[in-house]
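This report concerns only the one structure given below.
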Amino acid sequence: MSDTFMKEKPIFPLLTSMALPMVFSMLVNALYNIVDSLFVARISEDAITALSLIFPMQNLVNAIAIGFGVGINAQIALHLGAGSRDRADTAATHGLVYSLLHGAIITITCIAIAPHFLSMFTQDTSVIQMGTTYATIAFSFSTVVMAALAFEKMYQAIGRMKITMVGLLAGSLCNILLDPVLIFSLGPFPQMGIAGAALATGIGQMLTLSVYLIFYHRISTPVRIRRRFLRPNPKMDWQLYAIGIPAILNLALPSILISFLNSLLTAFSQSYVVVLGIYYKLQTFLYLPSSGIVQGMRPLIGYNYGAGESKRVQRIYQLTLLLCAGILAVGTILCVLLSDGLIGLFTTNAETIAIGQTALQIISIGFIISAVSVATSGALEGLGMGVQSLVISLVRYCVVIMPLAWLLCRIMGPTGVWHAFWLTEVVAAVISVAVYKKSVKLS
């Protein structure tokens, strides 16, 4: 398949054909996250608390993998759009090498600091022990995660979304099937508890990487990993990190935010920490499908920008914004009408359900407006404007929400934290539009 279809096909069917496989994959991935948490919650409330506390570290690892992958994706798409296949191959080759290096460093670092990180938020020895067990196993697969994301972003850059869909589906479904087997003991497998949940996740990630490698060796693609491009190329490495580092920070900022909010909420009750963890699991059903739309958009907007197709760039951005808003509108309705039932999936504690119902109904006020910052940030990354995208994320996850949550928490109690979410989205939307108009000059 020629990659020129990205600037030739009509935009709506083109974007939907690129995005729908990713939306479907993201929904299944969100289902895996929910199911994983549901099974862990059946172990004990201490177990789900441990999972909630270790989540920021997991999110940070995923941020590094996905964020650097965004750099790989953008460089491949931009160079293909400009007709430079050798540079696209160089981006893919160097991107994979650095991804493997990141994985090795993360494995050692995260396993070493996990117990100390957990002790910052709780003195409960059971929670710390469970969290450390989960982290040790889960982070042992960091190199696998990094390699899989490098291949995923390469396939997305060349428009092979169905390959990434198959890989993500295989890993997620494998994880879902293995969770009850390894956590509670089915057949010849021993009962492993929270360790089984971590191992199931790791095996699923290995399967995803295996699928990508099989496709890579069996089909022809316009971009290849080549030994001759392993030689030093400082300019290319700079370009990868110039986009990748802001994208990593974009995705890592929620980890900082969650840790900060946990420190505020733990002063009131552990139930508030549990609710925050449950919310971030539930919101994946909204924001991962939106992320699927954005992932479908990134290579299209980058390719067309590289090819000088400015009108298509603008139309791709506008359509992405509308589709994301539609997904988040559905999420708003569900969270308002079914808030108690959604929280009740994870806990039978009446106090936690009541707190969670209030939290979902308040936070969901900002879902639709958040489509502006989500779509804009993704568009800027696809255009290679990582720093501008980072500005938007800093507003959403640090500059506005942290001081606002701290202030409202003292005025309104823990409920003030929930109000900080939607108020921040309003501010972020205004700033996103301003940043996009200033940064993207289209003739």
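Any idea which of (1) in a helix (DSSP H, G or I); (2) closer than 30 Å to Ala359 by Cβ; (3) of a type in the set (Phe, Trp, Tyr) is the one Phe268 doesn't satisfy?
With (1) in a helix (DSSP H, G or I); (2) closer than 30 Å to Ala359 by Cβ; (3) of a type in the set (Phe, Trp, Tyr) applied to Phe268, the lone miss is (1).
Among the candidates Gln270, Gln295, single out the residue that is surrounded by fewer than 22 Cβ atoms within 10 Å (Cβ to Cβ) and out of contact with any strand residue (DSSP E or B) (no Cβ under 7 Å at 6 or more places or on another chain).
On the way: Gln295 fails: surrounded by fewer than 22 Cβ atoms within 10 Å (Cβ to Cβ).
Within the list Gln270, Gln295, the selection yields Gln270.
Which residues, taken from the stretch 278-288, are in a helix (DSSP H, G or I) and either open to solvent by 20 Å² or more (accessible area, probe 1.4 Å) or modelled with pLDDT under 85 (or both)?
Correct list: Tyr280, Lys281, Leu282, Thr284, Phe285, Leu286, Tyr287, Leu288.
Can you find, within the stretch 156-180, the residue that is nearest to the chain's Cα centre (by Cα) among those that are among the β-branched types (Val, Ile, Thr) and assigned to a helix (DSSP H, G or I)?
If we filter the stretch 156-180 for residues that are among the β-branched types (Val, Ile, Thr), which is where we start, we get 158, 163-164, 166, 176.
Right, trim to assigned to a helix (DSSP H, G or I) and you get 163-164, 166, 176.
On the way: Ile163: 19, Thr164: 15, Val166: 18, Ile176: 19 Å.
Among those residues, the one meeting the criterion is Thr164.
Filtering the stretch 401-437 down to residues that are farther than 22 Å from Phe260 by Cβ and free of Cβ contacts under 8 Å to residues at least 24 places away in the same chain, which residue is surrounded by the fewest Cβ atoms within 10 Å (Cβ to Cβ)?
Here the answer is Lys437.
Name the one entry in Leu60, Leu149 that is hydrophobic (A, V, I, L, M, F, W, C), in contact (Cβ under 8 Å) with a residue 60 or more places away in the chain, assigned to a helix (DSSP H, G or I) and open to solvent by 40 Å² or more (accessible area, probe 1.4 Å).
Details: Leu149 fails: open to solvent by 40 Å² or more (accessible area, probe 1.4 Å).
Every option except Leu60 fails the conditions.
Quick check: is even one residue across the stretch 171-180 free of Cβ contacts under 8 Å to residues at least 24 places away in the same chain, out of contact with any Gly (no Cβ under 7 Å at 6 or more places or on another chain) and open to solvent by 20 Å² or more (accessible area, probe 1.4 Å)?
yes
Can you find, within the stretch 200-227, the residue that is nearest to Ile34 (Cα to Cα) among those that are open to solvent by less than 50 Å² (accessible area, probe 1.4 Å) and hydroxyl-bearing (Ser, Thr, Tyr)?
This residue is Thr201.
Given the residues Val313, Val294, Val275, which is the only one that is among the hydrophobic types (A, V, I, L, M, F, W, C), within 30 Å of Ile353 (Cα to Cα) and assigned to a helix (DSSP H, G or I)?
Val275
Would you confirm whether or not the stretch 108-115 contains a residue that is under 22 Å from the mean Cα position of the chain (by Cα) and not β-branched (Val, Ile, Thr)?
Within the stretch 108-115 (the criterion being under 22 Å from the mean Cα position of the chain (by Cα) and not β-branched (Val, Ile, Thr)), the answer is yes, since at least one residue qualifies.
With respect to Phe141, determine if the residue is surrounded by 17 or more Cβ atoms within 10 Å (Cβ to Cβ) and either out of contact with any strand residue (DSSP E or B) (no Cβ under 7 Å at 6 or more places or on another chain) or outside any helix (DSSP H, G or I) (or both). If you could, list the steps in order and put the result at the bottom.
Numbers: surrounded by 17 or more Cβ atoms within 10 Å (Cβ to Cβ): yes; either out of contact with any strand residue (DSSP E or B) (no Cβ under 7 Å at 6 or more places or on another chain) or outside any helix (DSSP H, G or I) (or both): yes.
The answer is yes for Phe141.
Step by step: first the residues of the stretch 297-310, then only those that are among the small types (Gly, Ala, Ser) and in a helix (DSSP H, G or I), then the one that is nearest to the chain's Cα centre (by Cα). Which residue is that? Step through it out loud before you land on a result.
Initially, the stretch 297-310 is screened for residues among the small types (Gly, Ala, Ser), giving 302, 306-308, 310.
Adding the requirement that they be in a helix (DSSP H, G or I) leaves 302, 306, 310.
Numbers: Gly302: 20, Gly306: 26, Ser310: 28 Å.
Among those residues, the one meeting the criterion is Gly302.
If you scan the stretch 181-233, which residues turn out to be free of Cβ contacts under 8 Å to residues at least 60 places away in the same chain, assigned to a helix (DSSP H, G or I) and among the aliphatic types (A, V, I, L, M)?
Val181, Leu182, Ile203, Leu207, Val211, Ile214
Out of Ile76, Ile128, report the one residue that is on the phi < 0 side of the Ramachandran plot, open to solvent by 10 Å² or more (accessible area, probe 1.4 Å) and of a type in the set (A, V, I, L, M). Don't jump to the end; show me each part of the working.
Details: Ile76 fails: open to solvent by 10 Å² or more (accessible area, probe 1.4 Å).
Every option except Ile128 fails the conditions.
So for the stretch 143-153 (the condition being modelled with pLDDT under 95, under 19 Å from the mean Cα position of the chain (by Cα) and not hydrophobic (A, V, I, L, M, F, W, C)), does at least one residue qualify?
Checked against the condition, which is being modelled with pLDDT under 95, under 19 Å from the mean Cα position of the chain (by Cα) and not hydrophobic (A, V, I, L, M, F, W, C), the stretch 143-153 yields at least one hit.
Which residue is farthest from Trp422 (Cα to Cα), if the candidates are limited to the stretch 339-371 and must be aliphatic (A, V, I, L, M), at pLDDT 90 or above and open to solvent by 70 Å² or more (accessible area, probe 1.4 Å)? Give the derivation first.
Applying the first criterion (aliphatic (A, V, I, L, M)) to the stretch 339-371 yields 342-343, 345, 350, 353-355, 359-360, 362-363, 365, 368-369, 371.
Then drop every residue that is not at pLDDT 90 or above, which leaves 353-355, 359-360, 362-363, 365, 368-369, 371.
Of the ones still in play, those that are also open to solvent by 70 Å² or more (accessible area, probe 1.4 Å) are 365, 368.
Values: Ile365: 6, Ile368: 10 Å.
Across the stretch 339-371, the extreme among qualifying residues is Ile368.
Of the residues Ile54, Ile106, Ile11, Ile43, which single one is β-branched (Val, Ile, Thr), surrounded by 24 or more Cβ atoms within 10 Å (Cβ to Cβ) and in contact (Cβ under 8 Å) with a residue 40 or more places away in the chain? Steps first, please.
On the way: Ile106 fails: surrounded by 24 or more Cβ atoms within 10 Å (Cβ to Cβ); Ile11 fails: surrounded by 24 or more Cβ atoms within 10 Å (Cβ to Cβ); Ile43 fails: surrounded by 24 or more Cβ atoms within 10 Å (Cβ to Cβ).
Exactly one of Ile54, Ile106, Ile11, Ile43 is β-branched (Val, Ile, Thr), surrounded by 24 or more Cβ atoms within 10 Å (Cβ to Cβ) and in contact (Cβ under 8 Å) with a residue 40 or more places away in the chain, namely Ile54.
If a residue has to be more than 13 Å from Ala91 (Cα to Cα) and either open to solvent by less than 20 Å² (accessible area, probe 1.4 Å) or at pLDDT 90 or above (or both) to count, how many in the stretch 228-253 make the cut?
Qualifying residue count for the region: 5.
Looking only at the stretch 311-328, which residues are of a type in the set (A, V, I, L, M) and under 20 Å from the mean Cα position of the chain (by Cα)? Lay out the reasoning, then the answer.
Going through the stretch 311-328, the residues of a type in the set (A, V, I, L, M) turn out to be 313, 316, 319, 321-323, 325, 327-328.
Leu321, Leu323, Ala325, Ile327, Leu328 - these are the residues of the stretch 311-328 that are of a type in the set (A, V, I, L, M) and under 20 Å from the mean Cα position of the chain (by Cα).
The values are calculated or read from the model by the stated rules, or taken from the named source; none is laboratory data. Keep in mind the model is a prediction, meaning the values are calculated, not measured. Reconstructed Cβ throughout: ideal geometry from the backbone, glycine too, with neighbour counts over all protein chains shown. Only protein heavy atoms, including side chains, enter the accessible area calculation; ligands, DNA and RNA are left aside. Shrake-Rupley method; radii C 1.70, N 1.55, O 1.52, S 1.80 Å.
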